[in-house]
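Some notes on the structure that comes next.
The values are calculated or read from the model by the stated rules, or taken from the named source; none is laboratory data. Small disclaimer: the values here were computed from a predicted structure and weren't measured. Reconstructed Cβ throughout: ideal geometry from the backbone, glycine too, with neighbour counts over all protein chains shown. These area figures cover heavy atoms from the full protein model, side chains too; ligands, DNA and RNA do not enter into them. Shrake-Rupley method; radii C 1.70, N 1.55, O 1.52, S 1.80 Å.
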Amino acid sequence: MDAILDKALSRDHSRKYYKETLLPALKSASKHVLANNASGGKDPLQILRADVHSLAYLFVLNARCQEANEARALWPCIQQFLQHFDKQQLDIATDMFLAFITTISHHIPPADLLDPLHGALLRWQGREAGVHKLTPVHPLYLRQCSLANAFDRASETLGRHHEPDTALGCTYHTPMLFHLYAAHIYLQLGRYSDALDRLSFVITHPGSSCSTLQICAYKRWVLLHLIVHGKPGTLPKLVSRAAERAFKALAGPGTAYGEVVASFGRNGGKGLRTVGEKWMGVFREDGNENLVRLVRRAGVWAQVRRLGEVYGRLSLENAVDRVVGRQEDGEEYTVRVRKEIEGMVERGDVNARIEGDTLVFEDASKDVQEEELVAQIARIKALNKELGTLEREVGSSKGYLKVVIEGSGHGPGGSGMQMQMKGDVMDLMEEEMMM
């Protein structure tokens, strides 16, 4: 340990010295050596400074934080390091920095780690950057936000566009992992469309093979598309061929997710309940149990919206019957469906209102109110009657008959006047209608 400290305390602070002398010495030292005290029982963390000797400080701190008890005891040192480390030194040891962040995230309570980790994230990506750079620390930060139920705080980071930067340690999987965590956070916030967008990014990530992260994302993408759009989704064109083959096998006939899609919006929701019960073990293992339950509700939502495309108003009882269908599910399910419809109206999920026991749809793009429809039919009947009267009056007009006879070639002027007479007929008809 003394030899390590001698190199770490050198006055040479050049990048070349760090990369060619100090870093190899730290990598070659075992964790046991790095975790030991110096001669005389001196604690290396008391000798080294987090801001000046960041590289050596990182290796020593990581070696001593392998156990949960040690990590908690060193929490003040961890905070100091995350707030003051020299980014230029750590640029040559990104793998160790990420390993350290991963280690402490397993030992320090998420709520305690959020502030120091966010500060480290800003220092790591560089405050001077014109764009926000995506680093491997971002997914770790989102994971801690999720564990701490700090979803609103995470949304601040998600509100910015991040460009992956390989110089900061980004790998092929970093963007996918980031957007997968982002989708999870948006799900917790109830922002289903935003979650679907993030999952779309993951499943369209280019590659010659299909990643496990893409498989996980696709399972949720299938369910979320039903929730957001009320119908099965079509794979985006940017999905790679390898991923497309894997996705089709995953959601094909006879599979858990394929049966969810096939049963959506049918049989008054009974099919979805049957599928959910049949494959609940699979959904639970995938972490999608709650999403499947939401899909069952979305099936009701889709049916209610379809009612709004046909009817202007109908009784709540009738609406429930049309959603439930001819299923004998008992009074309890009927009551649940009615409450779901009332909840949709209250939340604004359907453009409708409830007047007494009547559901009134308020789609301004179409005239579907029963009273208005009856009035339109009455006006059409009246117009047809008027047209019939005019037709009889014009047909018995002497002037009209004279023109028709002459225009037919049987009177003066013959066939040579036929085209001109047609124009005269139209004028005469218009004069008759104006009288």
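Table for the structure above
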read-out: Long-range HN-HN contacts of Ala352 with modeled amide H, under 5 Å; value: Glu362
read-out: Neighbour cut-off at most 12 other Cβ (10 Å), DSSP loop, trypsin sites (Lys or Arg not before Pro), the stretch 5-47; value: Arg11
read-out: Loop-located GluC sites (Glu not before Pro) in the stretch 1-85 whose Cβ has at most 16 other Cβ within 10 Å (DSSP); value: Glu67
read-out: Loop-resident sites, the stretch 218-287, for GluC sites (Glu not before Pro), counting at most 13 other Cβ within 10 Å (DSSP); value: none
read-out: Solvent accessible area, Å² - Trp301, 1.4 Å probe, full protein context; value: 20
read-out: Estimated FRET transfer efficiency when R0 is 35 angstrom, pair Asn37-Thr171 (beta carbons, to 0.05); value: 0.45
read-out: Karplus-derived HN-Hα couplings along the stretch 30-44 (A = 6.51, B = -1.76, C = 1.60, θ = phi - 60°), whole Hz, x at Gly and Pro; value: 6, 5, 5, 5, 5, 7, 7, 7, 7, 4, x, x, 6, 7, x
read-out: For the stretch 75-139, convex hull of alpha carbons as volume per residue, Å³; value: 88
read-out: Nonlocal amide H pairs with Thr255, under 5 Å, H built at 1.01 Å; value: none
